[in-house]
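The values are calculated or read from the model by the stated rules, or taken from the named source; none is laboratory data. Please read these numbers as outputs of a predicted model, since none were measured by experiment. Reconstructed Cβ throughout: ideal geometry from the backbone, glycine too, with neighbour counts over all protein chains shown. These area figures cover heavy atoms from the full protein model, side chains too; ligands, DNA and RNA do not enter into them. Shrake-Rupley method; radii C 1.70, N 1.55, O 1.52, S 1.80 Å.
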Amino acid sequence: MISIRIENLTKRFGGTTALHSLNLTIGAGDVFFLLGPSGCGKTTLLRSIAGFYLPEGGRIFFGDEEVTHLPPHRRNTGMMFQSYALWPHMTVTQNVAFGLEERSVPRAETRQRVAAALESVKMVAYADRKIHQLSGGQQQRVALARAMVIRPRCLLLDEPLSNLDTKLRIEMRGEIRRICKDAGLTAIYVTHDQKEALSVGDHIAVMEGGHIRQTGTPLDIYRKPATRFVADFMGETNFIEGKVSALSDGHISVETALAQFTAVAQSPPPAVGAMVLLSIRPEAWRLSVEPSAVNSVPGRIRERVYLGEMAQYRFATRGQLVKIYELNPRFAFTADDRDIFASVEPQDVVALAV
């Protein structure tokens, strides 16, 4: 179990800069996600950590050891690719043993370590099968066992679930986290799937255009986005422009076209008179027949999608449409001409710099 530290890392491909002087620290034993849209630099960063790309600037440390210019085989990382890259002519056991044989590990130890790796991913019963005889989820488990059996200093995963169907992908999220935690591995996981990162990760770095825009726990990234890009990328939200009118006791008041909103002040807080962009998640709104004491706007439901446990609304208020999600919906069949109120707690209102 090691920590990983990246200092001012820069990577270019011709005239294109893929990574812009990145700084990042990953704690020992963390399941750490690199999250962002296609082309943001997350796979480039992962491959730089693995040693497949040499940077033009900056340094990479595994613990206290600098590994910036070490070749991949001397970094002792386990890599799991999107395609799994399994040998189709080999059995499950032979695939998992391959890395140990390349390292000239004695046969008795190889057998023991392969058996333990297959046990950890629940694939002992399939040890003698060929790869084409396995389902996609089983192949994924074999690839994970192969990456772990060499006892890597860290595990690197490049969108490992993207080839699986939705149900299996959800199942395997928890399995990957369990396996990493049981083995005490530091893991770096690349994905563009927000739900994957939120449900599995200890910490997340959100990337855009070769920059890291925010790092934090899944809760902080979702509930306290630092920029408009992070707020928008991490899920549905409502953006409302306004001007700061007051600061008081850790809260700010913001005048908008809809109403005056009170929000918990970020650090440092914006100045009075500054323009801000409020971000309010659809599920943060509460509907009622009576107005709330704070952050309440009147309106009517104009569009609705009823999903049983939840309803999605377009709420018309003062010339704007607001997205609202209601769990255990009570207003899904409210008449279109009925006036109701939508309100939100100050801690669910995030004020972003414009």
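Would you tally the net charge around A284, using a Cβ to Cβ cut-off of less than 12 Å, leaving A284 out, and scoring K and R as +1, D and E as -1?
That sum, taken over residues with Cβ under 12 Å, equals -1.
Taking the full set of protein chains and a 1.4 angstrom probe, give the accessible area of W87 in square angstrom, rounded to the nearest 10.
110 Å²
Taking the Cα centre of the chain as the origin, how large is its charge dipole in debye, to the nearest 20, when only Lys and Arg (+1) and Asp and Glu (-1) carry charge on their Cβ atoms? Let's see the in-between values first.
On the way: 41 positive and 37 negative charges, 190 e Å.
Approximately 920 debye in magnitude.
Tell me, what ³J(HN,Hα) does each residue in region 276-291 have, in order and in whole Hz, if you take phi through Karplus 6.51 cos²θ - 1.76 cosθ + 1.60 with θ = phi - 60° and put x for Gly and Pro?
Residue by residue, region 276-291 yields 9, 10, 7, 10, 10, 5, x, 6, 7, 6, 10, 9, 7, 7, 10, x Hz.
Greater than 28 Å separation of Cα atoms is the criterion. Which listed pairs, K243/K323; K122/K167; K42/K195; K11/K323, meet it? Numbers along the way, then the final one.
Values: K243/K323 22 Å; K122/K167 18 Å; K42/K195 17 Å; K11/K323 40 Å.
Check vs 28 Å cut-off fails for K11/K323.
Where does region 13-160 land on Rg(C-alpha)/(2.2 N^0.38 Å)?
Numbers: Rg = 16.8 Å, N = 148, 2.2 N^0.38 = 14.7 Å.
Cα Rg divided by the expected 2.2 N^0.38 Å: 1.14.
For region 225-271 and region 93-112, what is the centre-to-centre distance using only Cα atoms, to the nearest Å?
56 Å
Distance from the Cα centre of region 125-153 to that of region 285-354, in angstrom?
48 Å
Using a 1.4 angstrom probe, figure out how much accessible area region 1-140 has per residue, in square angstrom, rounded to the nearest whole. Mind dumping the intermediate values first?
Values: 6890 Å² over 140 residues.
With the other protein chains kept in place, region 1-140 gives 49 Å² per residue.
Only Cα pairs under 8 Å and at least 6 apart count here; give the relative contact order of region 212-320 as a rounded whole percent.
19 percent
For region 271-354, what are the per-bin percents of Cα-Cα distances with bins 10 Å wide, up to the bin holding the maximum?
With 10 Å bins starting at 0, P(r) equals 17, 49, 26, 7, 1.
Hey, if you put +1 on the Cβ of every Lys and Arg and -1 on every Asp and Glu Cβ in the chain, which of G51, A271, A28 ends up farthest toward the positive end of that dipole?
G51
Can you find, among L70, M80, T91, the residue sitting farthest towards the positive end of the charge dipole of region 35-97, where Lys and Arg contribute +1 and Asp and Glu -1 at Cβ?
With unit charges placed on the Cβ atoms, the residue in question is T91.
With contacts defined as alpha carbon pairs under 8 Å and 6 or more residues apart, what's the relative contact order of the chain in percent?
Details: 747 pairs, mean separation 55.3, N = 354.
RCO, the chain: 16 percent.
Please report the base-10 log of the normalised intensity I(q)/I(0) for region 130-267, using a Debye sum with one equal scatterer per alpha carbon and no solvent, at each q in 0.14 (1/Å).
Debye curve over Cα of region 130-267, log10 I(q)/I(0) at q = 0.14 Å⁻¹: -0.77.
Calculate, for region 224-354, the solvent-accessible area per residue in square angstrom, rolling a 1.4 angstrom probe over the heavy atoms of the protein chains.
Values: 6780 Å² over 131 residues.
Per residue, region 224-354 has 52 Å² of solvent-accessible surface.
Compute the long axis of helix 107-120 from its Cα atoms, compare it with the longest principal axis of the Cα atoms of the chain, and write down the angle in degrees, 0 to 90, nearest 10.
20 degrees
Are there GluC sites (Glu not before Pro) in region 48-110 that DSSP puts in a loop and that have at most 16 other Cβ atoms within 10 Å, and which ones?
Numbers: sites: E56, E65, E66, E101, E102, E109; in loops: E56.
Answer by residue number: E56.
Under a Cβ-Cβ cut-off of 13 Å, what is the net charge of the residues other than N76 that fall near it, where Lys and Arg count +1 and Asp and Glu count -1?
Summing Lys/Arg as +1 and Asp/Glu as -1 gives +3.
At a 1.4 Å probe, what is the % contribution of carbon and sulfur to the accessible area of the chain? Walk me through the numbers on the way to the answer.
Working: 8310 of 16790 Å².
Reported share for carbon and sulfur atoms: 50 percent.
To the nearest whole percent, what portion of all C-alpha pairs in region 77-176 is separated by more than 15 angstrom? Working shown, then result.
Numbers: 2844 of 4950 pairs.
Tail of the P(r) past 15 Å holds 57 percent of the pairs.
Under 12 Å between alpha carbons, and skipping anything fewer than 8 positions from K181 in its own chain: which aspartates and glutamates qualify?
Answer for K181, where 12 Å is the Cα cut-off: D30, D202, listed by chain and number.
State log₁₀ I(q)/I(0) for region 112-165 at q = 0.15, 0.24, 0.25, 0.31 Å⁻¹ as given by the Debye formula over alpha-carbon point scatterers of equal weight, solvent excluded.
Rounded to two decimals, the profile gives -0.42, -0.99, -1.05, -1.30.
Evaluated at 10 °C with a viscosity of 1.306 mPa s, what Stokes-Einstein diffusion coefficient in µm²/s does region 188-262 have when Rh comes from the Kirkwood expression over alpha-carbon pairs? Intermediate values should be presented prior to the final figure.
On the way: Rh = 14.1 Å.
The calculation lands on 112 µm²/s.
Based solely on C-alpha atoms, express the radius of gyration and the Dmax of the chain in angstrom.
Calculated on Cα positions, Rg and Dmax stand at 24.5, 77 Å.
What dipole magnitude, in Debye to the nearest 20, does region 1-132 give about its Cα centre under +1 on Lys/Arg Cβ and -1 on Asp/Glu Cβ? Don't skip to the end; give the middle numbers.
On the way: 15 positive and 11 negative charges, 64 e Å.
Once rounded to the nearest 20, the dipole reads 300 debye.
Once the Cα gyration tensor of region 3-78 is diagonalised, what are the square roots of 5 times its eigenvalues, in whole Å and ordered largest first, as equivalent ellipsoid semi-axes? Can you show the working numbers first?
Details: eigenvalues 70, 44, 27 Å².
Computed over region 3-78, the values are 19, 15, 12 Å.
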